[in-house]
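After the structure tokens below, expect a handful of questions from me.
Just so you know, all these numbers are worked out from the coordinates, no wet-lab data involved. The model shown is predicted, which means the values in this text are computed figures rather than measured ones. Neighbour counts run over all protein chains shown; Cβ positions are idealised from the backbone, glycine included.
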Amino acid sequence: MRRESFLTVRVPSELLEIFKETSKTLGLPKSELVRNALSSYAYSVRPLLSELHAVRRGDTIIFKAGPLTLGLSFTSLGGVGEKPLDQLKVPSYLVGQIMARSVLLELISLNMWPKGLLLSICMEPSEESFSMVKGASKELQEIGLNPAESLHVNYEEYFKPQQTAASFTAYSVAHTPALKIGSSSPGDILVLAGRKAVGSEILKLHQEGKLITCKMVSLLAKAPYVKELIPLDSKGLTYAANELAKASGLQAKLKARKALLNSPFGPCAALLLSVDPSREEDLKNFIELPVTIVGFLA
């Protein structure tokens, strides 16, 4: 005989009304409806939880759970902005726009379309912090998201810091088979697309319209001859190449000069791609960026 126990559950009034209406429609007690709903949830979620595992690629955490994958891309900054102690003076609007773009690019490069952005600003609500939010909002609008629904902001409520600091986290959910990761092959060439730039050089590229955009990465992620791509950041080219190769069980054979391999890259300055070697010219004709072969996969 099956043993049963009692469970007290608090539910929103709106959900309770749904149970009442369904109870009348089906002629079933509310308690039986709740029991059936909990059983269905438990038995459908349990297999997903047993399959859940996390993989890190650069500054993105990928949580795979059966047919679905949750992606979280994150970054942070300090000392860049308009506060008195900032070491690099940059309009707060651009700080918000460029840093938001950098985490959105990470997800889009995996063929995951962002669903929203979490912005933690380590400053009091002020002209500078509001301007940063406007910059992030602009970038969300560029990819078709409504900031009122997709941007979630938190401020420092008690102190007035004298230096800019913030963290950005973009999130997305996608079908696991559609992810663009682990799909490279031996012999694929490694291509640097973009420019090596950090600090104030990023501002110059922005003014010239030469930074990587979300639209550009989205198009590359859909190109069949681009096997994988990863935005470059402060960890540099060698790190990115090894991350890309590891996902496919391969090794990166780099042949670029040491100064380039060990140099950091600023946000939205460059990408590393694995490309079908027979389609190199197609890539060069496809994007308006400097393209350099820096190695291959083996």
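Taking a ≥ b ≥ c as the square roots of the eigenvalues of the Cα gyration tensor of the chain, is the shape rounded (a/c under 1.5), prolate (a/b larger than b/c) or oblate?
Oblate, since a/c reaches 1.5 and b/c is not below a/b.
Given a Förster distance of 30 angstrom, what is the FRET efficiency for Ser13 paired with Leu68, based on the Cβ-Cβ distance and rounded to 0.05?
0.50
What does the net charge come to around Ala100 if you take all other residues with beta carbon closer than 10 Å to its beta carbon, with K and R at +1 and D and E at -1?
That works out to 0.
Quick check on segment 166-298: take the gyration tensor over C-alpha atoms, sort the square-rooted eigenvalues as a ≥ b ≥ c, and tell me if it's rounded (a/c under 1.5), prolate or oblate.
Because its axes are fairly even, with a/c under 1.5, segment 166-298 counts as rounded.
Sticking with this one: Of the listed pairs Lys227/Lys253; Lys138/Lys160; Lys235/Lys255; Lys210/Lys253; Lys215/Lys246, which have alpha-carbon separations greater than 21 Å here?
Over 21 Å apart, Cα to Cα: Lys138/Lys160; Lys210/Lys253; Lys215/Lys246.
Within 10 Å of each candidate Cβ there may be at most 13 other Cβ atoms; applying that plus a DSSP loop requirement, which GluC sites (Glu not before Pro) in segment 189-271 survive?
When the GluC sites (Glu not before Pro) of segment 189-271 are filtered for loop state and at most 13 Cβ neighbours within 10 Å, Glu208 remain.
Sticking with this structure for a sec: R0 = 30 Å: FRET efficiency of Tyr41 with Ser183, Cβ-based, nearest 0.05?
Efficiency, from the Cβ-Cβ distance: 0.35.
Give the calculated FRET efficiency between Leu261 and Val173 to the nearest 0.05, with a Förster radius of 45 Å applied to their Cβ-Cβ distance.
On the way: r = 35 Å, r/R0 = 0.77.
The computed FRET efficiency comes out at 0.80.
Compute the convex hull volume of the Cα atoms of segment 53-178, divide it by the residue count, and report the result per residue in Å³ as a whole number.
Residue-normalised Cα hull volume stands at 103 Å³.
Name the longest site-free stretch of the chain, where the excluded sites are chymotrypsin sites (Phe, Trp or Tyr not before Pro) in a DSSP loop with no more than 14 other beta-carbon atoms within 10 Å.
The reported range is 7-157.
Further question on the same structure: Any idea how far the Cα center of segment 232-260 sits from the one of segment 175-196, in Å?
About 11 Å separates the Cα centre of segment 232-260 from the one of segment 175-196.
Could you give me D for segment 108-191, from Stokes-Einstein at 20 °C and 1.002 mPa s, where the hydrodynamic radius is the Kirkwood radius over C-alpha pairs? Units µm² s⁻¹, please.
Calculated translational D: 142 µm²/s.
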